[in-house]
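Heads up, the thing below is written out as C-alpha cells.
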Amino acid sequence: MELLDVQIEKAIGKSLRRAQRHGDLPAFDIPDQIVVERPKQESMGEYATPVCMQLARLARMAPIKIAEQVVKNIRDLDFCDSIEVAPPGFINFRLAPSWLTQQVALIQQAADTYGCVDTGKGVKVQVEFVSANPTGPLHVGSARNAVLGDAIASVLSAAGYDVQREYYVNDAGSRMLAFYATLMARYAQALGVDEKVPEDGYHGIAMVELGKTIADEYGHKFLDMPREEALPAIGKIGLRSVLEGAADDLSLMGIKYDNWFSEQSLYTNGQYERIMTILREGGYVDLHDGAVWFMATKLGGSKDEVIVRSDGTPGYFASDIAYHYDKFVTRGFDRVIDIWGADHQGHVPRMHIMMKALGLDPERLVITLYQLVTLKRGGEIVRLSKRTGDIITLREVLEEVGPDAVRFFLLARSADSQMDFDLDLAKEQSDENPVYYIQYAHARICSILRNAEGIDYADGDLSLLTSEAELALIRSMARLPQVVRDAAVNLAPHGLTYYAQELASQFHSFYRDCRVISSLPEDEAITRARLRLVEACRITLARTLILMGMTTPEIM
RNA sequence: GCCCCAGUAGCUCAGAGGAUAGAGCAGAGGUUUCCUAAACCUUGUGCCGGGGGUUCGACUCCCUCCUGGGGCACCA
C-alpha cells in the first residue's frame, strides 16, 4: 500500500484536474511536485498542503478559493475524516479514528516487517563503510562511519533495496608495506633482536603487542627466513589478526558485513589491467615525469592524478578505479554508497570523473561524507595521533560507554554536522539519556505483556480505542513507514532517533492516562483492546531500535 | 588563495520555500494505596552569525562578509 503522503499528493493532483474539467478552476499547468507536509500544530491535522498558495498566480484566484475547489473535488481519501481549508490557503487533512485503530491490527500482522516500504523496488545497492586501513585496531574515529553506514544499510534494506554491506580491505600499497616492516621490527624486538621501527611505520602499543604474540607463537621462524619472504609471511598473519579484531569490535556494535573485499585481489584477478586498458583506449592516460597519469582535466577535473607512481607501483587511485569497476561492472550493483569522512572530500570529484572515464553514470556512485568527530574528555579535546600511537580505540569507547549509547549518540546528528563526543559526558549521562528513555518504554511494555499472561486478547475490539491518548499513540506508530522512507531516500538515518523519542514519549503519556490491565469485570473488553495496542506499540518501538542497531531490552 | 561542511534557546541539536521556528538536556514547581517513577504533568527561553537580494511568502534559495572545522601529495 502506498504511503499516506503519496496518496494525498496523488489525490490532490486528481482533484485539480477534475476541478479544471468541471470548470471549477481555470486551465493552468499543474505542478509535478505537490508538497504534502506535516503541519506545525497538531490541531491542524496530520497532513497539510500549501500548494494552493503556489497556484494562486497561475489560476489568478485567491489561494483560499482554489483550496475550496480542491476540497470539493477530492475523492478516494478514505483514511481522512476531515479535509479542511485554512487561511491563507492551506488544506489540512485529519486521519479518521477508524483508520487509526485499524493500523493496530496491521502492525500486529506485519510484526517484524513493520516499517518496510517498497521504495527501493529491489534495486541492488552496496553500502561500503568503515574500510579503515588494516594497520592496527579500529580507531574511535571509525565509530561514526560504522554507525552511519550500518544504519543507512538497514534503512535501505527496510525500504525495499537489495543491500550488501561491504568492508574494503586496503591490503595493498605503501601503508601495508609500512605495516609489514613495523610488525617485523616489533616481532624481532620481542625476540631480543634490535630492529628499528621505520620512520613511516606504526609506533603504537598495539603493534608491540602483536609482535610479541607472533613471537610467542612462531618463535624465530621469521628471523630464520630471508627478509623478502619473511615480510609477506608475517604480514599475512598480522593482517589476519587485525581484521579479526576489527570484525570483533564491529560485532560488539551488532554490525556484520556481507563481504570483506581485498584490494590486493584487484591486482591478481585482472581488474587492474582491465581498467588500465579502458582508460588507455579512452585516451585518459598520459605518461610524464616518470609516472602514469589519469587525465581528469579532459573530463572537467581541476587537475590530473597519478595512477602509477614513478617507482612503478600503482597508487590508491588506481585501486579505487579498479575497485569501483568491480562493483559496478563485474558485480552489477545498480548503486554504490561509499561512506567517507570529511577529510576525504577532495577525493569525491575525481571519483565521479573516474566513473565517466569508465563509461558509467556518475550518479550511480553516491559518496556520503560525514564531518569528523572531536573526541573530548571532561571538556578537553583529546588529540589523536596514529603515528605516535596515541589513539583511543573503538573497543575502549564501546566498553566505556556501551554500544547502544555510542550508536544513539553518533546517529542522532546529521552527517553534515560536526560533533563533539565527550566520553565523560556520554558515560555520565548514560542514566539520563534518551537511549534509556526509549529502551525503558520498550521494557515497560514487555512488563505489561508479561502481566497479561493468560488473557487472550487476539480478537480485542480495536474500535474501543477512542481516547486521545490512545489515538495519539497510534498516530505516532503509523508514521514509521514514512520515517523509514525519508531516511532511505535522503540517506539520513538520524530521523530515526527523533522518531524513537517521540514514540517513546507518546507511549509514556499513554501509560499515565490509560490503565492497560484492569481487574474490573466491566473493563475486560477495553483491557483486551489496549493489550493489542500495546503489543503493536512494542513492535513499532522494537523495529525502530533495530533499524538503529540498538538492543530491545525486555527488563530494565 | 581556491574548494567542501557548519553557525538556530543557557548547552547539544532538529527543521531546508509556507501557518505562531521545535525537541532533549540544564533551571523552577508538582505527581506514586493500582500494569516498571530510568516515568508523568506544569513552566521560562530566541536580532535562526551580520548585511544585501529573489519571492505573495525566506531560518530555508542567491550574493557578500565574519567565525569554527575539514580539504587542496607520485599518503589513503
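The values are calculated or read from the model by the stated rules, or taken from the named source; none is laboratory data. Everything quoted here is computed from the prediction, not taken from an experiment. Methodologically, a virtual Cβ is constructed for each residue, glycine included, from the backbone with ideal geometry; neighbour enumeration extends over all protein chains shown.
In this structure, does A:Gly201 turn out to be touching a Lys or Arg at 6+ places or on another chain (Cβ under 8 Å), without any contact (Cβ under 8 Å) to a residue 40 or more places away in the chain, among the small types (Gly, Ala, Ser) and within 22 Å of A:Thr393 (Cα to Cα)?
Details: touching a Lys or Arg at 6+ places or on another chain (Cβ under 8 Å): no; without any contact (Cβ under 8 Å) to a residue 40 or more places away in the chain: yes; among the small types (Gly, Ala, Ser): yes; within 22 Å of A:Thr393 (Cα to Cα): yes.
No: the conditions fail for A:Gly201.
For residues that are farther than 18 Å from A:Arg450 by Cα and among the polar types (S, T, N, Q), scanning just the stretch A:501-519, find the one that is farthest from the chain's Cα centre (by Cα).
Start the filter on the stretch A:501-519 by keeping residues that are farther than 18 Å from A:Arg450 by Cα, which leaves A:501-506, A:509-510, A:512-513.
Now narrow it down to the ones that are among the polar types (S, T, N, Q): A:501, A:505-506, A:509.
Working: A:Gln501: 18, A:Ser505: 24, A:Gln506: 25, A:Ser509: 29 Å.
If we take residues in the stretch A:501-519 being farther than 18 Å from A:Arg450 by Cα and among the polar types (S, T, N, Q), then A:Ser509 is farthest from the chain's Cα centre (by Cα).
Please find, among A:Asp326, A:Asp320, A:Asp286, the residue that is under 27 Å from A:Ser154 (Cβ atoms) and either polar (S, T, N, Q) or more than 9 Å from RNA strand B (Cβ to nearest atom) (or both).
Working: A:Asp320 fails: either polar (S, T, N, Q) or more than 9 Å from RNA strand B (Cβ to nearest atom) (or both); A:Asp286 fails: under 27 Å from A:Ser154 (Cβ atoms).
Result of the check over A:Asp326, A:Asp320, A:Asp286: A:Asp326.
Looking at the stretch A:142-175, which of the residues that are polar (S, T, N, Q) and part of a helix (DSSP H, G or I) is surrounded by the fewest Cβ atoms within 10 Å (Cβ to Cβ)? Let's see the steps before the verdict.
Filtering the stretch A:142-175 down to residues polar (S, T, N, Q) leaves A:142, A:145, A:154, A:157, A:164, A:170, A:174.
Checking which are part of a helix (DSSP H, G or I) leaves us with A:142, A:145, A:154, A:157, A:174.
Details: A:Ser142: 22, A:Asn145: 22, A:Ser154: 23, A:Ser157: 20, A:Ser174: 13.
Among residues in the stretch A:142-175 that are polar (S, T, N, Q) and part of a helix (DSSP H, G or I), the one surrounded by the fewest Cβ atoms within 10 Å (Cβ to Cβ) is A:Ser174.
Yes/no matrix, rows are residues, columns are (1) modelled with pLDDT of 95 or more; (2) under 36 Å from the mean Cα position of the chain (by Cα):
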residue: A:Gln164; (1), (2): yes, yes
residue: A:Ala172; (1), (2): no, yes
residue: A:Ala190; (1), (2): yes, no
residue: A:Val197; (1), (2): no, no
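When you go through (1) more than 30 Å from A:Ala146 (Cβ to Cβ); (2) surrounded by fewer than 17 Cβ atoms within 10 Å (Cβ to Cβ); (3) away from RNA strand B (no atom under 14 Å from the Cβ) one by one for A:Lys356, which number turns out not to apply?
Just one mismatch for A:Lys356, condition (2).
Of the residues A:Ala525, A:Ala488, only one is surrounded by fewer than 20 Cβ atoms within 10 Å (Cβ to Cβ), away from RNA strand B (no atom under 13 Å from the Cβ), in a helix (DSSP H, G or I) and touching a residue at least 40 places away in the same chain (Cβ under 8 Å); which?
Details: A:Ala488 fails: surrounded by fewer than 20 Cβ atoms within 10 Å (Cβ to Cβ).
Answer to the selection: A:Ala525.
Residues to consider are A:Ala246, A:Ala230, A:Ala215; find the one that is part of a helix (DSSP H, G or I), touching a strand residue (DSSP E or B) at 6+ places or on another chain (Cβ under 9 Å) and buried (at least 16 other Cβ atoms within 10 Å of the Cβ). Reasoning before the result, please.
Details: A:Ala230 fails: touching a strand residue (DSSP E or B) at 6+ places or on another chain (Cβ under 9 Å); A:Ala215 fails: touching a strand residue (DSSP E or B) at 6+ places or on another chain (Cβ under 9 Å).
One residue alone meets the criteria, A:Ala246.
I'm told A:Val70 meets every condition in (1) within 12 Å of RNA strand B (Cβ to nearest atom); (2) within 25 Å of A:Arg479 (Cβ to Cβ); (3) not in a loop (DSSP other than H, G, I, E, B) except one. Can you identify the failing condition by its number?
(1)
Output the residues belonging to the stretch A:15-37 that are charged (D, E, K, R) and surrounded by 14 or more Cβ atoms within 10 Å (Cβ to Cβ). Walk me through how you get there before you give the answer.
We begin by selecting, within the stretch A:15-37, every residue charged (D, E, K, R); these are A:17-18, A:21, A:24, A:29, A:32, A:37.
Hits for the stretch A:15-37 are A:Arg18, A:Asp24.
Go through the residues of the stretch A:45-66 one by one and say whether even a single one is among the basic types (Lys, Arg), assigned to a helix (DSSP H, G or I) and out of contact with any Asp or Glu (no Cβ under 9 Å at 6 or more places or on another chain). Don't jump to the end; show me each part of the working.
Of the stretch A:45-66, the ones among the basic types (Lys, Arg) are A:57, A:60, A:65.
Remaining after also requiring assigned to a helix (DSSP H, G or I): A:57, A:65.
Within this subset, residues satisfying the condition of being out of contact with any Asp or Glu (no Cβ under 9 Å at 6 or more places or on another chain) are A:57, A:65.
For the stretch A:45-66, residues among the basic types (Lys, Arg), assigned to a helix (DSSP H, G or I) and out of contact with any Asp or Glu (no Cβ under 9 Å at 6 or more places or on another chain): present.
So which residues in the stretch A:10-49 are within 8 Å of RNA strand B (Cβ to nearest atom) and farther than 20 Å from A:Phe79 by Cα?
A:Lys40, the sole residue that qualifies.
Can you tell me which of (1) more than 7 Å from RNA strand B (Cβ to nearest atom); (2) at pLDDT 95 or above; (3) in a helix (DSSP H, G or I) is the one A:Pro493 doesn't meet?
Going through (1) more than 7 Å from RNA strand B (Cβ to nearest atom); (2) at pLDDT 95 or above; (3) in a helix (DSSP H, G or I) one by one, A:Pro493 breaks only (3).
Can you confirm whether A:Asp171 is acidic (Asp, Glu) and within 24 Å of A:Phe261 (Cα to Cα)? Can you show your working first?
Working: acidic (Asp, Glu): yes; within 24 Å of A:Phe261 (Cα to Cα): yes.
So A:Asp171 fits the description; yes.
When you go through A:Ile34, A:Ile30 one by one, which is the residue that is modelled with pLDDT under 95, of a type in the set (Val, Ile, Thr) and out of contact with any strand residue (DSSP E or B) (no Cβ under 7 Å at 6 or more places or on another chain)? Can you show your working first?
Values: A:Ile34 fails: out of contact with any strand residue (DSSP E or B) (no Cβ under 7 Å at 6 or more places or on another chain).
Exactly one residue qualifies, and that residue is A:Ile30.
Could you grab the pairs with beta carbons closer than 7 Å, sequence gap of 6+ or different chains, first residue in the stretch A:248-273 and in contact (Cβ under 8 Å) with a residue 40 or more places away in the chain and closer than 17 Å to A:Val406 by Cα, second one assigned to a helix (DSSP H, G or I) and of a type in the set (Gly, Ala, Ser)?
A:Leu250/A:Ala146; A:Met253/A:Ala146; A:Ile255/A:Ala146
Under 8 Å by Cβ, and 6 or more places apart or on different chains, what pairs join a residue from the stretch A:342-360 that is more than 14 Å from A:Gly300 (Cα to Cα) with one that is of a type in the set (S, T, N, Q) and within 13 Å of RNA strand B (Cβ to nearest atom)?
Taking only residues 6 or more apart or on different chains, the pairs are A:Ala342/A:Gln371; A:Ala342/A:Gln418.
State whether the residues of the stretch A:465-477 include one that is in a loop (DSSP other than H, G, I, E, B), surrounded by fewer than 17 Cβ atoms within 10 Å (Cβ to Cβ) and either within 12 Å of RNA strand B (Cβ to nearest atom) or more than 18 Å from the chain's Cα centre (by Cα) (or both). Give the steps one after another, and end with the answer.
First, the residues of the stretch A:465-477 that are in a loop (DSSP other than H, G, I, E, B): A:465-467.
Those left that are additionally surrounded by fewer than 17 Cβ atoms within 10 Å (Cβ to Cβ): A:466-467.
Applying the additional criterion that residues be either within 12 Å of RNA strand B (Cβ to nearest atom) or more than 18 Å from the chain's Cα centre (by Cα) (or both) yields A:466-467.
Within the stretch A:465-477, one or more residues are in a loop (DSSP other than H, G, I, E, B), surrounded by fewer than 17 Cβ atoms within 10 Å (Cβ to Cβ) and either within 12 Å of RNA strand B (Cβ to nearest atom) or more than 18 Å from the chain's Cα centre (by Cα) (or both).
Based on what the data block shows, is A:Leu266 surrounded by 19 or more Cβ atoms within 10 Å (Cβ to Cβ), closer than 30 Å to A:Ala143 by Cα and of a type outside the set (D, E, K, R)? Quick ask: steps written out before the conclusion?
Working: surrounded by 19 or more Cβ atoms within 10 Å (Cβ to Cβ): yes; closer than 30 Å to A:Ala143 by Cα: yes; of a type outside the set (D, E, K, R): yes.
When the stated conditions are applied, A:Leu266 passes them.
Considering only the stretch A:292-302, I want to know if a residue exists there that is in contact with a His (Cβ under 8 Å, 6 or more places away or on another chain), assigned to a loop (DSSP other than H, G, I, E, B) and more than 9 Å from RNA strand B (Cβ to nearest atom).
Here is the first cut: in the stretch A:292-302, the residues in contact with a His (Cβ under 8 Å, 6 or more places away or on another chain) are none.
No: the stretch A:292-302 contains no residue that is in contact with a His (Cβ under 8 Å, 6 or more places away or on another chain), assigned to a loop (DSSP other than H, G, I, E, B) and more than 9 Å from RNA strand B (Cβ to nearest atom).
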